[in-house]
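The values are calculated or read from the model by the stated rules, or taken from the named source; none is laboratory data. The structure presented is a predicted model; accordingly, all values stated were derived computationally and were not measured. Quick reminder, even Gly has a Cβ in these numbers, built from the backbone with ideal geometry, and neighbours come from all protein chains shown. In case anyone asks, the SASA skips ligands and DNA or RNA and just uses the protein heavy atoms, side chains included. Shrake-Rupley method; radii C 1.70, N 1.55, O 1.52, S 1.80 Å.
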Amino acid sequence: MRLLLHICCGPCAAYPTEILAKKGIEFTGMYYNPNIHPIEEFERRRENLRILSRLKNFDVIYYDDFDQQTWEDFQGEIVKRCRMCYERRFERVAKEALERGFDAFSTTLLVSPYQRHEMIIEICEKVAEKYGVDFYYEDWRPGFRKGQAMAREYGLYRQKYCGCIRSKSYG
């Protein structure tokens, strides 16, 4: 199986990429995170993913789509903003997986106990069906602490908030 793996940041990718490699799953990362703000944070997370990908020897497709204004202008409650954010990113990842000939896609957001796990699954399954590409699901949350320890060991920057400018104020 060839997997396109959406990656939000280096620390969240540490554990899932180790597991995928151990399982012999061929994967390529995809950094598409227009939700990460401000620009310095976006660049810092991208750079730390570059460090991890060199350390662990995997390829990443990088998109520099930075879009703080959409998140600043969004008037819905937190859960609706999260849904908008997930839908935007996973739609693009599924489409990219199809266009580049991957068998499936997934996301490192599935490692975090702080993300809306069930919502992620629901949205990924919906876009998988839309684009005719499989959604590879694995619950990586049991390895969250191990991944954080790996990130510390590798000297990666570990952020204190989800990514969008609004989440910075509530953690």
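Residues in the chain average 48 Å² of solvent-accessible surface per residue, probe 1.4 Å, ligands and nucleic acids excluded. Within the chain, the whole DSSP H helices whose Cα atoms reach 20 Å or more along their own axis and whose mean Kyte-Doolittle score is at least -1.0 are 78-99, 117-131.
Evaluating 6.51 cos²θ - 1.76 cosθ + 1.60 at θ = phi - 60° for every residue in region 137-142, the Karplus couplings come out as 9, 8, 7, 8, 4, x Hz, glycine and proline recorded as x.
Here's the list of lysines a cross-link from K160 could span, going by alpha-carbon distance under 16 Å and ignoring same-chain residues fewer than 8 apart: K168.
Do any trypsin sites (Lys or Arg not before Pro) in region 5-52 lie in a DSSP loop with no more than 14 other beta carbon atoms within 10 Å, and if so, which?
Working: sites: K22, K23, R44, R45, R46, R50; in loops: K23.
Qualifying residues, ordered by number: K23.
Computed about the Cα centre, the dipole magnitude for region 94-171 is approximately 660 debye when only Lys and Arg (+1) and Asp and Glu (-1) carry charge, each at its Cβ. Here region 15-109 has 45 percent of its accessible surface on carbon and sulfur atoms, given a 1.4 Å probe and all protein chains in place. Computed from point charges on the beta carbon alone (+1 for Lys and Arg, -1 for Asp and Glu), the dipole magnitude for region 1-96 about its Cα centre is near 500 Debye. The alpha-carbon of K95 sits under 19 angstrom from the alpha-carbons of these aspartates and glutamates, leaving out residues fewer than 8 places away in its chain: E26, D59, D64, D65, E87, D103, E122, E125, E129, D134. When +1 charges are put on Lys and Arg Cβ atoms and -1 charges on Asp and Glu Cβ atoms, the dipole computed for the chain relative to its Cα centre reaches about 580 debye.
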